[in-house]
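One structure is given below, encoded as structure tokens.
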Amino acid sequence: HAIKILFLPTPALFLASLIAYLVSQYTDILIFQFLKGLFQDRFVGLRSFLSTALSAFIDSTLFSFLAWIVFASSPLPLPTVIKTYILGTYGIRLCLALTNAPLVYFARYFLKREPYAHLS
């Protein structure tokens with residue numbers, strides 16, 4: 001009986017995760033491409049941060065709403081889902097997105113360099 005209780009929410013969490021992932025990744029690509037056209041291939045770090053920040057919010061919101069309210073056998077109250085799951089996970093993901101821009105600039109710098117130029 002305990003095993004059944006433990007694994008019962010797995011299909012619901014998997015489905016919520018899959019839906020949120022597909023929607024947020026597609027949105028991330030659309031936002032990044034829109035910003036690329038808007039900024040004429042400049043500000044790649046800003047574009048990366050903005051698209052990641054917006055798609056992470058969509059992912060956190062959609063997953064939390066589906067997993068803890070729509071597909072849950074015992075739905076949680078909406079204020080709890082918003083405060084704990086949506087804003088809580090989004091805050092963490094936003095902090096991680098802030099590290100993305102410096103990494104993008106760092107990678108672009110080293111990819112533009114000629115390999116082994118420092119040896120000549």
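The values are calculated or read from the model by the stated rules, or taken from the named source; none is laboratory data. Fair warning: this is a prediction, and the values are worked out from it, not measured in the lab. Every residue, glycine among them, receives a Cβ derived from its backbone with ideal geometry; neighbour counts consider all protein chains shown. These area figures cover heavy atoms from the full protein model, side chains too; ligands, DNA and RNA do not enter into them. Shrake-Rupley method; radii C 1.70, N 1.55, O 1.52, S 1.80 Å.
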Q. Mind checking which residues of the range 54-83 are closer than 30 Å to Y105 by Cβ and open to solvent by 80 Å² or more (accessible area, probe 1.4 Å)?
A. L54, F57
Q. S51 is checked against (1) under 14 Å from the mean Cα position of the chain (by Cα); (2) of a type in the set (S, T, Y); (3) open to solvent by 70 Å² or more (accessible area, probe 1.4 Å) and fails just one. What number does that condition carry?
A. (3)
Q. Can you name the number of the only condition in (1) assigned to a helix (DSSP H, G or I); (2) closer than 15 Å to A101 by Cα that R42 fails?
A. (1)
Q. Which is among the polar types (S, T, N, Q), under 21 Å from F14 (Cβ atoms) and at pLDDT below 90, of S74, S55, S120?
A. S74
Q: Note down all Cβ pairs under 8 Å where the first residue falls in the range 72-94 and is free of Cβ contacts under 8 Å to residues at least 12 places away in the same chain, the second is among the aliphatic types (A, V, I, L, M), and they're at least six residues apart or on different chains.
A: P75/I69; L76/I69; L78/I69
Q: Quickly run through the range 19-48 and pick out the residues that are open to solvent by 50 Å² or more (accessible area, probe 1.4 Å) and either aromatic (F, W, Y) or under 18 Å from T84 (Cα atoms) (or both).
A: Y21, Y26, F32, F34, F43
Q. How many of the residues in the range 1-18 are open to solvent by 90 Å² or more (accessible area, probe 1.4 Å) and modelled with pLDDT of 90 or more?
A. 1
Q: Considering every residue within the range 92-104, establish whether at least one is among the polar types (S, T, N, Q), modelled with pLDDT under 90 and open to solvent by 80 Å² or more (accessible area, probe 1.4 Å).
A: no
Q) If you scan the range 74-90, which residues turn out to be more than 19 Å from S17 (Cβ to Cβ) and either in contact with a Ser or Thr (Cβ under 7 Å, 6 or more places away or on another chain) or assigned to a helix (DSSP H, G or I) (or both)? A) L78, P79, T80, K83
